Amino acid sequence: MVRDGYKFVLPLVILVGLSVFLHLPVLTALLVLLTAFTAFFFRNPNRQIPDGANLIVSPADGKVVKISKDETGEQTLCIFLNVFNVHVNRAPIAGSIARFEYKRGKFKVAFDEEASRVNEQNIVSFTGQELSLVVKQVAGLIARRVICWKKPGDNVERGELFGLIRFGSRVDMVMPAHVNIRVKVGDKVRGGSTIIGDY
């Protein structure tokens with residue numbers, strides 16, 4: 001479980017103990033279920049990070065809901081996370097954090113295409129030896145907090161944890177035209193282990 005989860009799980013554990021002490025079986029059962037779900041939500045499973053040069057891995061678990069290309073050839077890939085997906089985010093390439101921007105905004109449902117433009121989000125730019133790309137942690141209707149643990153200048157390895165989105169949202173990747181995308185709309189991806197593309 002990621003460290004951010006303890007501030008939610010530990011109070012629930014205390015409430016479970018209190019409800020047991022007060023002999024409130026129905027409340028105890030509900031609190032146990034809530035505690036288990038919260039711990040499940042903040043899980044951080046081990047992932048096998050693929051070896052090989054010039055690979056881009058998924059920054060998040062979820063479902064690919066959109067792949068688009070603009071007039072310059074720049075490509076955007078959108079991943080939707082539901083509340084049952086792992087919500088930690090991982091660096092898609094090895095390199096450094098070139099830029100970080102927090103953008104205030106709305107909380108539209110995450111699968112709405114407009115969410116990428118108007119919702120609250122963190123915009124994280126990664127720069128490697130041969131490639132630069134952007135990952136957007138986009139808040140949703142339920143996800144009201146996007147967290148980035150890194151700052152500009154920090155080095156990251158491919159697949160390394162860099163942030164978290166609480167309770168369902170989306171992650172967008174913006175990549176140059178020469179990236180060969182290996183996934184398609186509808187594919188389910190796993191953060192840090194699914195190869196999104198190569199260059």
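The values are calculated or read from the model by the stated rules, or taken from the named source; none is laboratory data. Just so it is clear, the model here is predicted, and its values are computed rather than measured. Don't worry about glycine lacking a Cβ; one is built from the backbone with ideal geometry, like all the others, and counts go over all protein chains shown.
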The residue that is modelled with the lowest pLDDT, considering only those in the stretch 7-39 that are surrounded by 14 or more Cβ atoms within 10 Å (Cβ to Cβ) and either of a type in the set (S, T, N, Q) or closer than 28 Å to Thr194 by Cα (or both), is Thr38
Residue hits (the stretch 69-99; among the hydroxyl-bearing types (Ser, Thr, Tyr) and modelled with pLDDT of 95 or more) are Thr76, Ser96
Checked Gly153, Gly159 against criteria (surrounded by 17 or more Cβ atoms within 10 Å (Cβ to Cβ), on the phi > 0 side of the Ramachandran plot and at pLDDT 95 or above); the one match is Gly159
Q.
With the structure loaded, tell me whether Lys69 is among the charged types (D, E, K, R) and within 18 Å of the chain's Cα centre (by Cα) or whether it fails that test.
A. no
For the stretch 54-83 the number of residues that are within 16 Å of Ala139 (Cβ to Cβ) and touching a Pro at 6+ places or on another chain (Cβ under 6 Å) is 1
Residue hits (the stretch 179-194; surrounded by 15 or more Cβ atoms within 10 Å (Cβ to Cβ) and either among the hydrophobic types (A, V, I, L, M, F, W, C) or in a strand (DSSP E or B) (or both)) are Val179, Ile181, Val183, Val189
Examine the stretch 47-56 for a residue that is at pLDDT 95 or above and surrounded by 17 or more Cβ atoms within 10 Å (Cβ to Cβ), and state whether such a residue exists. yes
